[in-house]
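Have a look at the structure that comes next, please.
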Amino acid sequence: MNLELKNNNNSYLELIISCTIFGSSGIFLNHIYGMQTGSILFYRLLFGFTLLLGYLFISKKYEVFRIGEKKRFLLLIGIFNVVTTYSYYTSIKYSGLSVAVLLLYTAPIYVTLLSPLFLKQKITLRGIISLFVSMIGISMVVIPSNGSLEQNGHLLTGIIFGLISGLSYSGTIMTVNHLKNDYSGTAQLFWSTFISLIILVPFASNVPEAILLPNLPILVMFGLMTTAFASLLYLNSASKINAQTVSVLALLEPVSGIIFGFFFLHEPIILKTVQGCIFILFGACILVWDYRTVQTYGMKGPFVSFQTALKRRLLNIPRITFMLLSGRF
């Protein structure tokens, strides 16, 4: 009993650490100079892939290297991986880490809209409400305090790339769902990283040696920490924890991103950003606890159904907040 509890605690800790590391990308990017986004992404994946490959050989997980059916979808994950990360890093560059990481987490909105088309799943009432709540949060994040985006071209560019990263990330979510019965999470990580590297090879030759060498230590650390170490921690812990708990703890990434942006990148925490963060994350929580989206996110089962909450007239903010805090929603 004590051993099982200890293992669970270790899994929670691993998941928290991995999600926190994912949220630190902006810190690494801030210490890389003179390199284009594509080149940064290539070397980050290269060093991470090297560690991942070593881990697979040491642990003798040779089954990861076998390619089964649905090969085209492995290619699709690699493409989505490149588009998502490229857009996300560009968004960080122009709009800051706090805004970029929140826009990345608009992915559940797109999943709600696109799952009926690609996964043949109906849009539920909970999905519609989640979409509405998240859209309110997005509007708070993307609209500046002065109400004008035209006066700040960099911010507008960052917001556009941030929204693209969220859309592409939703494609990753749906593709992973489609492949979950044919490839393990580690196999998907290996092949998506490998395919992404092939796509990004042209960017490798664009970096002069005089620029690459000074940036090499931070690029190595960036790749080892985010591509390999954090991803393996996430996969190892997520397989041992209830899926609803994983979904909630994964929201530590945007929260940690905002905190890292404030303390390490000196990005001001604006009230509207905090309010938008609450709405976006609350919208995501509403969605991942929906019974009909259990299959989309690979969950074992839902919490209390949203329809039941409606019938019992529980649909009000204080009540929902209480249910969330008490773990009964």
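FYI, it's all coordinate maths here, none of it is from the lab. Computed from a predicted model, the values in this text were never measured in an experiment. Reconstructed Cβ throughout: ideal geometry from the backbone, glycine too, with neighbour counts over all protein chains shown.
Under 19 Å from a point 7 Å along the Cα-to-Cβ line of L216: which residues of region 10-46 have their amide N that close?
Only 31-36, 39-46 pass the distance filter.
Further, regarding this structure: Among M221, M35, rank each residue by its count of other Cβ atoms within 10 Å, from fewest to most, as a rough exposure measure.
Ranking M221, M35 by Cβ neighbours within 10 Å, fewest first, gives M221, M35.
Could you work out the equivalent-ellipsoid semi-axes for region 22-283, taking the square root of 5 times each eigenvalue of the Cα gyration tensor, largest first, in whole Å?
Each semi-axis is √(5λ); the values are 28, 25, 16 Å.
Quick one: which of K122/K240; K93/K272; K61/K93; K71/K240; K71/K120 span more than 32 angstrom between C-alpha atoms?
K61/K93
Here's something else I'd like to know. What is the magnitude of the charge dipole of region 22-283 about its Cα centre, with +1 placed on the Cβ of each Lys and Arg, -1 on the Cβ of each Asp and Glu, and no other charges, expressed in debye to the nearest 20?
For this selection, approximately 720 debye.
When the expected Rg is taken as 2.2 N^0.38 Å, what fraction or multiple of it is the alpha-carbon Rg of region 12-58?
Rg over 2.2 N^0.38 Å, computed on Cα atoms: 1.39.
Here's another thing I want to ask about it. Can you give me the Cα centroid spacing of region 21-87 and region 180-209 in angstrom?
So the two Cα centres are separated by 5 Å.
What full-extension length gain, to one decimal in nm, is calculated for L75 and H266 as 0.36 nm per residue of separation minus the Cα-Cα distance?
Going from the current span to full extension adds 64.9 nm.
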